[in-house]
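The values are calculated or read from the model by the stated rules, or taken from the named source; none is laboratory data. Just so we're clear, the structure is a prediction, and the values are computed from it rather than from any experiment. No Cβ is skipped: glycine too gets one built from the backbone with ideal geometry, and neighbour counts run over all protein chains shown. We work out accessible area using only protein heavy atoms, side chains counted, and drop any ligands, DNA or RNA first. Shrake-Rupley method; radii C 1.70, N 1.55, O 1.52, S 1.80 Å.
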Amino acid sequence: MPTPHDLGYRSLFAHSELVRELITNFTSFTLLDDVALSAFERVNPAYVSDHLSARQDDIVWRVRIGEQFLYVYILIECQSGVDRWMALRMQTYVGLLYQDLVKGHELSPGLLLPPVLPLVFYNGVPRWSASLELAGLLMQAPAELAALQPSQRYVLIDQQRLDKSELEANASLLALLFRLELSVAPDVSKNVFAALTTWFKGSPQANLRRSVQVWINALLARGASKEELCMVDSVEEGADMGGKLATWAEQFEELGFQKGSAEGMAKGMAKGMAEGKAEGKAEGKAQGQVIALRGVLGSLLRSRFGDLPAPETQRIAQATHAELVQWFERSLHAPSLQAVFDLGAPFT
């Protein structure tokens, strides 16, 4: 079940600037360092297998390098646990991607499949222990069959284990956001918010500014109770951005994020669970997630399509968790507000 923070990261990686920063600053690959942002194109990953199993919760970009395309497949794992079968999942997803390209007649003139950069972004607390290649999940094959076994690999970015000194030396927007999530002292978050204030003043891209605000709200919502979520569900663009950032900094301190990512998350979740005990532990947590998702979705829709009409606002207020997640996914690349809510609307 996607969380508001999971969806907040999907909102960030819907921007080519941050996809390029993720690869150039947090992997060893250099092939995209000098590639223009105009060479990036978002791909709708709604692949359907022979069993009609749709893949709609991943992020896929294609990047033109010279005369060919490179596909960047990003899986966002914001869960607290480690997926032992990630290499197997990645092989399946890359296979579905290739099938979709063949069916859509999107291959090169030589009818060759394009290269893929399989990338897993993980920000869970436990150290990632899953094998980075499919071979680590396979029984040892007889010698004469060894060469026929699959060997899918993927690149892991384990956010919790990033080098803190390297993050501090990195002036990119994504590094600032990572520092905010990983901050362990009040002065760290204050320094980050000071840098973000400068970034907001200098960034001309309203959609990217909005996605950053959505991400910050989603991070706050992860540790907030139902009443506190009302404080963080609005990200309307305003002139007093410095005041908004100062308020966010205070909320981070109140929620305990400055005491460490793991401790802050544990306390935030404990607080949210306690808030829901009167109605039942599970029900309280689920309701808190729905409230957070409503705020995040509304923020993203306003950033793309402007003020929301009353009927759509009411639909969001009455929607289930599943409906909110579906609308969020569609809102990242839908051409119109109608296409977000109406499955039968044109979607190109």
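Here are some notes:
- Among the residues of segment 93-152, those identified as open to solvent by 30 Å² or more (accessible area, probe 1.4 Å) and in a strand (DSSP E or B) are Val116, Glu133.
- Residue within segment 183-191 that is under 27 Å from Leu7 (Cα atoms), more than 19 Å from the chain's Cα centre (by Cα), open to solvent by 30 Å² or more (accessible area, probe 1.4 Å) and among the β-branched types (Val, Ile, Thr) present: yes
- Which listed residue is modelled with pLDDT of 85 or more and more than 19 Å from Leu18 (Cβ to Cβ), from Ala146, Ala175, Ala224, Ala169: Ala146
- The residues of segment 65-96 that are within 19 Å of Thr27 (Cβ to Cβ) and out of contact with any Asp or Glu (no Cβ under 8 Å at 6 or more places or on another chain), listed by number, are Ile65, Phe69, Leu70, Tyr71, Val72, Met90, Val94.
- Of all residues in segment 146-160, those being farther than 12 Å from Phe26 by Cα and either in contact (Cβ under 8 Å) with a residue 40 or more places away in the chain or in contact with a strand residue (DSSP E or B) (Cβ under 8 Å, 6 or more places away or on another chain) (or both) number 6.
- Cβ pairs under 6 Å, 6+ apart, first in segment 293-320 and under 17 Å from Arg210 (Cβ atoms) and of a type in the set (Lys, Arg), second modelled with pLDDT of 80 or more and surrounded by 18 or more Cβ atoms within 10 Å (Cβ to Cβ): Arg294/Ile316
- With respect to the conditions (1) modelled with pLDDT of 85 or more; (2) more than 20 Å from the chain's Cα centre (by Cα); (3) open to solvent by 50 Å² or more (accessible area, probe 1.4 Å), Arg161 falls short on a single one, namely (2).
- Within segment 70-92, the set of residues being modelled with pLDDT of 85 or more and open to solvent by 20 Å² or more (accessible area, probe 1.4 Å) comprises Val82, Asp83, Arg84, Trp85, Leu88, Arg89, Gln91, Thr92.
- Subset tally (residues that are assigned to a loop (DSSP other than H, G, I, E, B) and under 13 Å from Gly66 (Cα atoms)) for segment 19-46: 5
- Within segment 1-31, if we keep just the residues that are at pLDDT 90 or above and either acidic (Asp, Glu) or over 22 Å from Asn123 (Cβ atoms) (or both), the residue that is surrounded by the most Cβ atoms within 10 Å (Cβ to Cβ) turns out to be Glu21.
- Failed criterion for Gln314 (all others in (1) at pLDDT below 80; (2) assigned to a helix (DSSP H, G or I); (3) surrounded by fewer than 18 Cβ atoms within 10 Å (Cβ to Cβ); (4) not charged (D, E, K, R) hold): (1)
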